[in-house]
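Asks: After the structure tokens below, expect a handful of questions from me.
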Amino acid sequence: MKVNYFHQYESNNYYHIYNHACGDKNLFIDHLDYLDFMAKFQKYFSYVFDIYAYCLMPNHFHFLVKVKVEDNIKGKIIKEPDSVAKENYLSGSSELNAFIEDQYRRFFSAYSIKYNKKHKTSGQLFLNRHKRIILNPEYRLKYMLCYIHHNPIHHKFRRKYGEWTYCSYQEYLASNENYISKLN
């Protein structure tokens, strides 16, 4: 069975979202790159997704998110017309998926421009399309939560859970919730 890596975004569904740097590039070179990436992710998606897990690796990233209810998304979008996709979505002439796709385009572009300027590089940083797989059964959510938090061990960046700074594992265990929501 062939896997569909490009499911349509739909309100109130869970997704595993991930992408990779082009070629042998890294997405993150220093600590500030990781922080900037998360800040930009929050800027573009905080009103669209609830984040349940994330892991930022030097050359790729993973997120486990749930798309918020569409009325909540529309209610939180800043009404300033800063993109045609936003205007079309708010007016009802385009669907949620088109709006989220455009947010990713804007997010990747904003991060890449700052990254290229800071590190004196040029060219494309991310693969063209980010992958996302819809997660329906509850057991898949728990599996994906473990999979994402295991990534630094799998790629041999760390030997134990919780040792990788750029992962939601410690946040998940803590009582405070910085970026993430928690699965019940």
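The values are calculated or read from the model by the stated rules, or taken from the named source; none is laboratory data. Everything numeric here is computed off the predicted structure, so don't read it as measured data. Neighbour counts are summed over all protein chains in view; Cβ atoms, including those assigned to glycine, are modelled from backbone coordinates with ideal geometry. Note: areas computed on protein heavy atoms with side chains; ligands, DNA, RNA excluded. Shrake-Rupley method; radii C 1.70, N 1.55, O 1.52, S 1.80 Å.
Asks: Among the numbered criteria (1) within 24 Å of K142 (Cβ to Cβ); (2) charged (D, E, K, R); (3) not in a strand (DSSP E or B), which one does K66 miss?
Replies: Of everything listed in (1) within 24 Å of K142 (Cβ to Cβ); (2) charged (D, E, K, R); (3) not in a strand (DSSP E or B), K66 misses just condition (3).
Asks: Could you run through region 41-59 and say how many residues are open to solvent by 40 Å² or more (accessible area, probe 1.4 Å) and not in a loop (DSSP other than H, G, I, E, B)? Show your work before the answer.
Replies: Filtering region 41-59 for residues open to solvent by 40 Å² or more (accessible area, probe 1.4 Å) gives 42-43, 46, 50, 59.
Now drop any that are not not in a loop (DSSP other than H, G, I, E, B), which leaves 42-43, 50.
Summing the residues that are open to solvent by 40 Å² or more (accessible area, probe 1.4 Å) and not in a loop (DSSP other than H, G, I, E, B) in region 41-59 gives 3.
Asks: Separate question: Given the conditions (1) part of a helix (DSSP H, G or I); (2) more than 18 Å from the chain's Cα centre (by Cα), report the number of the one that A98 does not fulfil.
Replies: Against the list (1) part of a helix (DSSP H, G or I); (2) more than 18 Å from the chain's Cα centre (by Cα), A98 comes up short only on (2).
Asks: Ok, one more. Can you name every residue in region 1-25 that is part of a loop (DSSP other than H, G, I, E, B) and either surrounded by 11 or more Cβ atoms within 10 Å (Cβ to Cβ) or in contact with a Pro (Cβ under 9 Å, 6 or more places away or on another chain) (or both)?
Replies: Our first condition is that a residue be part of a loop (DSSP other than H, G, I, E, B); within region 1-25, this holds for 1-5, 7-13, 22-25.
If the condition is that a residue be part of a loop (DSSP other than H, G, I, E, B) and either surrounded by 11 or more Cβ atoms within 10 Å (Cβ to Cβ) or in contact with a Pro (Cβ under 9 Å, 6 or more places away or on another chain) (or both), then N4, Y5, H7, Q8, Y9, E10, S11, N13, C22, K25 are the ones that fit.
Asks: OK, next. Mind checking which residues of region 67-83 are touching a helix residue (DSSP H, G or I) at 6+ places or on another chain (Cβ under 9 Å) and in contact (Cβ under 8 Å) with a residue 12 or more places away in the chain?
Replies: V67, K68, E70, I73, K74, I77, S83 - these are the residues of region 67-83 that are touching a helix residue (DSSP H, G or I) at 6+ places or on another chain (Cβ under 9 Å) and in contact (Cβ under 8 Å) with a residue 12 or more places away in the chain.
Asks: Give the residues of region 101-122 that are open to solvent by 50 Å² or more (accessible area, probe 1.4 Å) and either farther than 16 Å from F6 by Cβ or assigned to a loop (DSSP other than H, G, I, E, B) (or both), sorted by residue number.
Replies: Answer for region 101-122, where residues must be open to solvent by 50 Å² or more (accessible area, probe 1.4 Å) and either farther than 16 Å from F6 by Cβ or assigned to a loop (DSSP other than H, G, I, E, B) (or both): R106, S109, I113, K114, K117, K118, K120, T121, S122.
Asks: A follow-up question, please. Consider only pairs whose beta carbons are under 8 Å apart and that are at least six residues apart or on different chains; among these, list those whose first residue lies in region 129-155 and is in contact (Cβ under 8 Å) with a residue 12 or more places away in the chain and of a type outside the set (G, A, S) and whose second residue is assigned to a helix (DSSP H, G or I) and open to solvent by 40 Å² or more (accessible area, probe 1.4 Å).
Replies: L145/Y172; H149/Y169; H149/Y172
Asks: Those residues that are open to solvent by 20 Å² or more (accessible area, probe 1.4 Å), in contact with an Asp or Glu (Cβ under 8 Å, 6 or more places away or on another chain) and of a type in the set (D, E, K, R), I need them from region 60-97; list them, please.
Replies: K66, K68
Asks: Scan region 132-184 for residues that are assigned to a loop (DSSP other than H, G, I, E, B), at pLDDT below 90, among the hydroxyl-bearing types (S, T, Y) and surrounded by fewer than 14 Cβ atoms within 10 Å (Cβ to Cβ) and jot them down.
Replies: Across region 132-184, the qualifying residue is only S175.
Asks: Then there's this: When both residues are 6+ apart or on different chains and their Cβ atoms are under 7 Å apart, which pairs have a first residue that lies in region 34-52 and is more than 17 Å from Y172 (Cα to Cα), and a second that is in a helix (DSSP H, G or I) and among the charged types (D, E, K, R)?
Replies: D36/K114; Y44/R106; Y47/K76
Asks: Could you please find all residues in region 26-40 being open to solvent by 70 Å² or more (accessible area, probe 1.4 Å) and under 20 Å from N151 (Cβ atoms)?
Replies: Matches in region 26-40: I29, H31, L35.
A quick yes/no check of all residues on (1) over 28 Å from G123 (Cβ atoms); (2) among the aliphatic types (A, V, I, L, M):
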{"position": "S11", "(1), (2)": "yes, no"}
{"position": "H20", "(1), (2)": "no, no"}
{"position": "D24", "(1), (2)": "no, no"}
{"position": "D33", "(1), (2)": "no, no"}
{"position": "K40", "(1), (2)": "no, no"}
{"position": "S46", "(1), (2)": "yes, no"}
{"position": "Y52", "(1), (2)": "yes, no"}
{"position": "L56", "(1), (2)": "no, yes"}
{"position": "K66", "(1), (2)": "yes, no"}
